[in-house]
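Engineer: Have a look at this one before I ask anything.
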Amino acid sequence: MLFDTASNWIARLAEAHHSNRLEAELKKIRRHKLIIIDEVGYIPFDQDAANQFFQLIASRYKQCSVMVTSNLPFGRWGETFSDDVVAAAMIDRLVHHAEGLHPQPRLLPNPATPQPAP
C-alpha cells in the first residue's frame, strides 16, 4: 500500500517524467495492490500534471486498487485538472467497479452551549 497527497503524487510523476522514466515509475507503483491519493481538489493542476495523474489512474485500471479522498464532487474535478475531458476520463476509470463512500459530516456540540445533563 502506498499513501500520499495528490500534490506529492504529481511531484513524483513529474520528476519521473522529466527523467524519462515515467513508464518505469508507473510500473513500480503498480506492484502495490492499493494506492491512496489524499486531498484531490485542494490544489489545481496544470495540463501536464493532469495528464500524468490520468496516466497513474489509467495504469491501474482493472488491475489494482485506488482510493481517493476529495472535498469536491466529481462535477467540479474539471476545475482541479484544468480539463473537463481528462477529468471525465479519470472519473470513468475510478468509478467503474468502485465502491463510493460519502461520509456525513459529524456535527460536534458547541462547547459554549450548555449541554443537558445525561
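Read-outs: derived from the displayed coordinates by stated rules, not from any lab. Note that the structure is a prediction, hence the values are computed from the model and not measured. With ideal geometry, Cβ positions are generated from the backbone for all residues, glycine too; neighbour counts draw on all protein chains shown.
Engineer: Just in the range 29-118: which chymotrypsin sites (Phe, Trp or Tyr not before Pro) are loop by DSSP and have at most 16 other Cβ atoms within 10 Å? Walk me through the numbers before you get to the answer.
Structural biologist: Numbers: sites: Tyr42, Phe45, Phe53, Phe54, Tyr61, Phe74, Trp77, Phe81; in loops: Tyr42, Phe45, Tyr61.
Answer by residue number: Tyr42, Tyr61.
Engineer: Next up: For the chain, modelled as a Gaussian network with Cα springs under 10 Å, which listed residue fluctuates most, Leu22, Leu101, Leu34?
Structural biologist: Leu101
Engineer: Please report the Cα spread of the range 51-108 along all three principal axes, rounded to whole Å, starting with the longest.
Structural biologist: Largest first, the range 51-108 extends 40, 26, 15 Å along its Cα principal axes.
Engineer: What Kirkwood hydrodynamic radius, in Å, does the range 1-101 give when the mean of 1/r is taken over all pairs of distinct Cα atoms and then inverted?
Structural biologist: It is 13.5 Å.
Engineer: Treating only the Cβ atoms of Lys and Arg (+1) and Asp and Glu (-1) as charged, compute the dipole magnitude of the range 30-72 about its Cα centre; round to the nearest 20 debye.
Structural biologist: Dipole about the Cα centre, nearest 20: 440 debye.
Engineer: Expressed as an acute angle from 0 to 90° and rounded to the nearest 10, what is the orientation of the C-alpha long axis of helix 6-18 relative to the principal long axis of the chain?
Structural biologist: Computed tilt is about 10 degrees.
Engineer: Springs between alpha-carbon pairs under 10 angstrom, Gaussian network model over the chain: which of His102, His32, His18 fluctuates most?
Structural biologist: Judging by the Gaussian network model, the answer is His102.
Engineer: Once the Cα atoms of helix 47-60 and of the chain are each reduced to a long axis, what angle between those two axes, in degrees from 0 to 90 to the nearest 10, is obtained?
Structural biologist: Roughly 90 degrees, rounded to the nearest 10.
Engineer: I would also like to ask the following. Kindly provide the Kirkwood hydrodynamic radius of the range 24-83 in Å, to one decimal, from all pairs of distinct alpha carbon atoms.
Structural biologist: Working: mean 1/r = 0.0820 Å⁻¹.
In the range 24-83 this quantity evaluates to 12.2 Å.
Engineer: Count neighbours as other Cβ atoms within 10 Å of each site's Cβ, and list the trypsin sites (Lys or Arg not before Pro) in the range 22-118 that are DSSP loop with at most 14 such neighbours.
Structural biologist: Arg31, Lys33, Lys62, Arg106
Engineer: Once the other residues with Cβ under 14 Å from the Cβ of Phe45 are scored (Lys, Arg +1; Asp, Glu -1), what is the net sum? Walk me through the intermediate numbers first.
Structural biologist: Working: positive: Arg12, Arg76; negative: Glu39, Asp46, Asp48, Glu79, Asp83, Asp84.
Value of the local net charge: -4.
Engineer: Can you work out ³J(HN,Hα) from phi for every residue in the range 78-95, in order, using Karplus 6.51 cos²θ - 1.76 cosθ + 1.60 and θ = phi - 60°, giving whole Hz and x for Gly and Pro?
Structural biologist: x, 5, 6, 9, 6, 6, 5, 5, 5, 4, 5, 5, 5, 4, 4, 6, 6, 8
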